[in-house]
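Worksheet: the structure to be examined is printed underneath.
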Amino acid sequence: MKLYYSRNSRAVRVAWLLEEMGLEYEIQKFELGERAMRDPEYLAVHPMGRVPALEDRGITLFESGAILQYLLARYSNGHFAPPINSRDFPDYLQWFHYAEGMIMPPMNTLVVETILLPPERRTEINVKRSTKLLNQMLTAVDQHMAGREYLTSQFTAADIMTGHAVIMAGELGADLSDKPNLPSYIERLRNRPALKVAWSL
């Protein structure tokens, strides 16, 4: 099994689950945006020249949520996802997909507008709108986390997906001052040994 990885990217999610599951894997590291990610050899692995990508048993996947679902289905032995007949399962599905469906779109815009674009090409209205949307998306997570340690009754891959997005939103400077449940949730996730490894590869 081979993981294509960059720090501060969605590839951390995949490494995090691999570490939680105790699976052996090799890793090819890139710096985000480096020229090697646009080489024909890597474009044959990931057609957009991005990370993550995972190669396993002759198959290649390059979408983080799909990779996590693949790993869970093939290797988890029922761990890190609740049974489909459990009360947790609907919440698990919702929060597993919430990261990419709700949190990451405004975050992506903010990264482009505040980091990637030169100042003369930035659009303030996009920044304001995305900041407002991101705040709304994080507020929903904060409200759900009241009285909880994790998004469902135990740690699952939903915490890897949406938890990672929440952590990255904080890293981007999202205002958490009115979200009393998120700082402790972030700390709880950051203290997991598997995430510490995944973050430092």
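Taken together, the values in this text are just the output of simple stated rules run on the coordinates, not laboratory data. Keep in mind that this is a model prediction, so the values were computed, not measured. Cβ placement follows ideal geometry from the backbone for every residue including glycine, while neighbour counts extend to all protein chains displayed.
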So which trypsin sites (Lys or Arg not before Pro) in region 1-81 pass both tests, a DSSP loop state and at most 16 other Cβ atoms within 10 Å of the Cβ?
7, 57
Give the percent of DSSP beta bridges with both residues in the chain that are antiparallel, rounded to the nearest 5.
60 percent
The relative contact order of region 91-168, taking Cα pairs under 8 Å that sit 6 or more residues apart, comes to a percentage of 51 percent
Give the cross-link partners of residue 29 among the lysines, using a straight C-alpha distance below 29 Å as the criterion and excluding same-chain residues fewer than 8 apart.
2, 196
note: region 2-80, Cα-Cα separations exceeding 22 Å make up a percent value of 18 percent
Phi-based couplings in Hz for region 41-56 (Karplus 6.51, -1.76, 1.60; Gly and Pro marked x)
4, 7, 4, 6, 8, 10, x, 9, x, 10, 10, x, 9, 10, 10, 7
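What is the fewest-to-most order of 104, 168 by other Cβ atoms lying within 10 Å of their Cβ?
Values: 104 22, 168 19.
Arranged by neighbour count, lowest to highest, 104, 168 become 168, 104.
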For residue 128, the lysines lying under 30 Å Cα to Cα, once residues fewer than eight places off in the same chain are dropped, come out as 179
Which three extents, in angstrom, do the Cα atoms of region 101-200 have along their principal axes, listed largest first?
45, 30, 23
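At a temperature of 4 °C and a viscosity of 1.567 mPa s, determine how fast the chain diffuses translationally according to Stokes-Einstein, using the Kirkwood radius over alpha-carbon pairs as Rh; express D in µm²/s, rounded to the nearest whole number.
Details: Rh = 17.7 Å.
This corresponds to a translational diffusion coefficient of 73 µm²/s.
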